[in-house]
Amino acid sequence: MKKKLTVLSGAGMSQESGLKTFRDMGGLWEQYDVTEVASPEAWERDPALVLRFYNQRRKQLFEVEPNAGHLGIARLEQWFDVDVVTQNVDNLHERAGSSRVLHLHGELIKARSTIDPVLVYELDHWALDLGDLCEKGSQLRPHIVWFGEAVTEIPKAVRIVEQADILVVIGTSLAVYPAAGLVNYVQKGTPIFVIDPGKPAVHQPNVFYVEEKAGKGVELLLEELKKLM
Ligand code: OAD
């Protein structure tokens, strides 16, 4: 039986595809005030601005491709039973071929109803506008978990991490909870590989740092993992 390998990814995973991270120099949260574009209050105050921010993100997503890191993670399925738990709202893991991807913070390519959260729609175009309505007649909003909103997929993610034989953390500053706390749910002794040039602190035993970008880092990881197969 294949070993269970869980990947926990963040914005750094998609940096080499051309998408900006949030907290690095020149990152998105340097350019935008998070409370003005990614909070329920922002949506109340100025929905057009919020829609414009996510429309730009979505437009860009239609223009970029998965990078060597995403492709390498998809390839790991040849040898491991892989789950990807991502904070990213892009769909680059799926487009690279990963079969099980859990999005903690929502998905750019989806919109959801503002009166009935189970009504979620996949968008085949990049622009979501004021006046775009759900089937019950209410405005559609980005299918994104904003600051101050519940991360409903966390219990599922905890179960995945608890079952992992190997955990791989890629391109996340581990600054945002509850996602950052997931690394603490590994079983004792589980090896944790952290691929990130910024070396975010993971306070667990058995942590192996690969201080490289995702593309190169995943290639090196594969060499290391071959020893554990
Ligand atoms: P951050 O911007 O906080 O962190 C990006 C991480 O990626 C840093 O640790 C960098 O060192 C690393 N990095 C940069 N380039 C890289 C590369 N090419 N390869 C590998 N690593 C690289 O992004 P996240 O941790 O994902 O939430 O941020 C978490 C959440 O905060 C996001 O999901 C988003 C944001 O606010 C929402 O918008 C709800």
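The values are calculated or read from the model by the stated rules, or taken from the named source; none is laboratory data. Values in this document were obtained by computation on a predicted structure and should not be read as measured data. When we count neighbours, we look across all protein chains shown, and the Cβ atoms used for this are built from the backbone with ideal geometry, even at glycine. Accessible surface areas use protein heavy atoms only, side chains included; no ligands, DNA or RNA. Shrake-Rupley method; radii C 1.70, N 1.55, O 1.52, S 1.80 Å.
For this structure, a couple of remarks:
- The set of residues in segment 5-30 that are touching a residue at least 40 places away in the same chain (Cβ under 8 Å), open to solvent by 30 Å² or more (accessible area, probe 1.4 Å) and part of a helix (DSSP H, G or I) comprises GLN15, GLU16.
- Scan segment 204-229 for residues that are under 21 Å from the mean Cα position of the chain (by Cα) and in a loop (DSSP other than H, G, I, E, B) and the total you get is 3.
Residues are listed down the side, and each one gets a yes or a no for (1) of a type outside the set (Phe, Trp, Tyr); (2) in contact (Cβ under 8 Å) with a residue 12 or more places away in the chain; (3) away from the ligand (no atom under 15 Å from the Cβ):
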position: TYR32; (1), (2), (3): no, yes, no
position: THR35; (1), (2), (3): yes, yes, no
position: PHE53; (1), (2), (3): no, yes, no
position: ARG58; (1), (2), (3): yes, yes, no
position: PHE62; (1), (2), (3): no, yes, yes
position: ILE73; (1), (2), (3): yes, yes, no
position: VAL82; (1), (2), (3): yes, yes, yes
position: THR86; (1), (2), (3): yes, yes, no
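- Residues satisfying the stated conditions in segment 95-110, i.e. surrounded by 19 or more Cβ atoms within 10 Å (Cβ to Cβ) and closer than 9 Å to ALA74 by Cβ: ALA96, SER98
- Residue selected from segment 141-178 under the condition near the ligand (Cβ under 9 Å from one of its atoms) and over 26 Å from LEU49 (Cα atoms), by the criterion surrounded by the fewest Cβ atoms within 10 Å (Cβ to Cβ): SER173
- GLY10 being over 27 Å from GLN139 (Cβ atoms), within 15 Å of the ligand (Cβ to nearest atom), outside the structural domain of LYS213 (by TED's automatic domain parsing) and touching a Ser or Thr at 6+ places or on another chain (Cβ under 8 Å): no
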